[in-house]
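Written out below as structure tokens is the structure these notes cover.
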Amino acid sequence: MRYAKSVGEQVRRLIADSGADPARILGAGISLPGILSADGSLFNTDVLPAKNYRTATIGRALDLPYLCVNDANAAGFAEMWGSDSGRNFVYLSLSNTVGGAIVLSGHVSAGDTRRAGEFGHISLDRNGPLCYCGQKGCLYTYCNAANLSKRAGGELSEFFRLLAAGDAAMRKVWDRYLDKLAQAVNILRMAFDCEVVVGGYVGAYMEPHIDALRARAAALNSFEADGGYIRICRRRTEASAAGAALLHIDAFIKTI
Ligand SMILES: [Zn+2]
């Protein structure tokens, strides 16, 4: 309750500071790092102390029309919005959590149990590091962004700065990261046979490394010569926040 009240206060302050006319605000989009129930009313996650959290609690504190959406699904929607509506792709979000979205023919697929795109828990090595989900060797344990930032004082930008400067220790960490990422990307390509978009915090720094990732992924795949199906996300920062907001705009446009 205190959390929801604080969110409400911050949103009101943001609106006041922006000078926007409150009457013209379509609503608030809330991106959440976890699984939402089919009607969006309950939120569960392993990364926050929230079990069966009622999203209406936040809605009441906002005093605005609101919607809640899974963070990686929101980022996938942002990636899709404004582009070819018939496009198929999977979006892999590499932030401090690892997730994704499956976008087929212009729609983000939720799956039968609302867990479509939980790529962070694809098992890459049953004897690997323990994941917060309880399993071992999940993609999350290898490719969450904090694995990189913690090597550089908690700053991802510093990690990539040191890497670009030729730091041998960072290079070793990055090579291991790319190997696991290539493994995951290849699994997604095999499963969905469409573009794989690399996004999230790490996606924003991927430009100089995309060829290395493509080469590693291609080496794992007998059908693909060059890994050209791997792309970097169009929206480099705050994609999930943008996606949550764009859902309101998209709904509004459909009413015109
Ligand atoms: Zn896991």
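The values are calculated or read from the model by the stated rules, or taken from the named source; none is laboratory data. Keep in mind it's a predicted model, so treat the numbers as computed, not measured. Here the Cβ positions follow ideal geometry from the backbone for every residue, glycine too, while neighbour counts run over all protein chains shown. Just the protein is used for accessible areas: all its heavy atoms, side chains included, with ligands, DNA and RNA removed. Shrake-Rupley method; radii C 1.70, N 1.55, O 1.52, S 1.80 Å.
General remarks:
- Cα gyration tensor category, rounded, prolate or oblate, for region 113-205 with a/c compared to 1.5: prolate
- If only the Cβ of Lys and Arg carry +1 and only the Cβ of Asp and Glu carry -1, the dipole of the chain around its Cα centre is close to 560 debye.
- Two-site label geometry, A165 and E207: point separation in nm, points 7 Å out along Cα→Cβ: 2.0 nm
- Overall form of the chain per C-alpha gyration tensor (a/c, 1.5; a/b vs b/c): prolate
- Residue-wise HN-Hα couplings along region 121-136, as the Karplus relation 6.51 cos²θ - 1.76 cosθ + 1.60 with θ = phi - 60° gives them from phi, are 10, 5, 7, 9, 7, 5, 9, x, x, 5, 9, 5, 7, x, 8, 10 Hz; Gly and Pro carry x.
- Surface exposure of region 85-179, expressed per residue as accessible area with a 1.4 Å probe, stands at 49 Å².
- FRET efficiency, 1/(1 + (r/R0)^6) with R0 30 Å, evaluated for R54 and D21 via beta carbons: 0.50
- Within the listed set N88, N127, N44, the residue fluctuating most in the Gaussian network model of the chain (springs between alpha-carbon atoms under 10 angstrom) is N127.
- Portion, in percent, of the accessible area of the chain that falls on carbon or sulfur, probe 1.4 Å: 52 percent
- Cross-link partners of K172 among lysines, defined as those whose alpha carbon lies under 28 angstrom from its own and excluding same-chain residues fewer than eight positions apart: K136, K150, K180.
- Cross-link reach list, lysines versus K5, counting only Cα pairs under 26 Å and skipping chain neighbours closer than eight places: K51
- Relative contact order (percent, whole number), the chain, Cα cutoff 8 Å, 6+ residue spacing: 21 percent
- Applying both filters, DSSP loop and at most 12 other Cβ atoms within 10 Å, to the trypsin sites (Lys or Arg not before Pro) of region 78-116 gives R115.
- Taking a ≥ b ≥ c as the square roots of the eigenvalues of the Cα gyration tensor, region 65-119 is classed as rounded, since a/c falls below 1.5.
- GNM flexibility winner over the chain from K180, K136, K150 (Cα, springs under 10 Å): K150
- Descending by average beta-carbon neighbour count within 10 Å, the peptides 142-149, 47-54 line up as 142-149, 47-54, the highest first.
- Kyte-Doolittle mean at least 1.0 and Cα axial length at least 20 Å: DSSP H helices in the chain: 239-255
- Accessible area per residue for region 30-82, computed on protein heavy atoms with a 1.4 Å probe, is 45 Å².
- Remark: relative contact order (region 115-170) = 20 percent; criterion is Cα-Cα distance under 8 angstrom and separation of 6 or more residues.
- Sum of -39500 (n - 2.57) over DSSP H runs of 4+, divided by residues of the chain (222 nm, nearest 500): -13000 deg cm²/dmol
- Taking P65, P22, P129 in turn, the Gaussian network model of the chain (Cα-Cα springs below 10 Å) assigns the largest fluctuation to P22.
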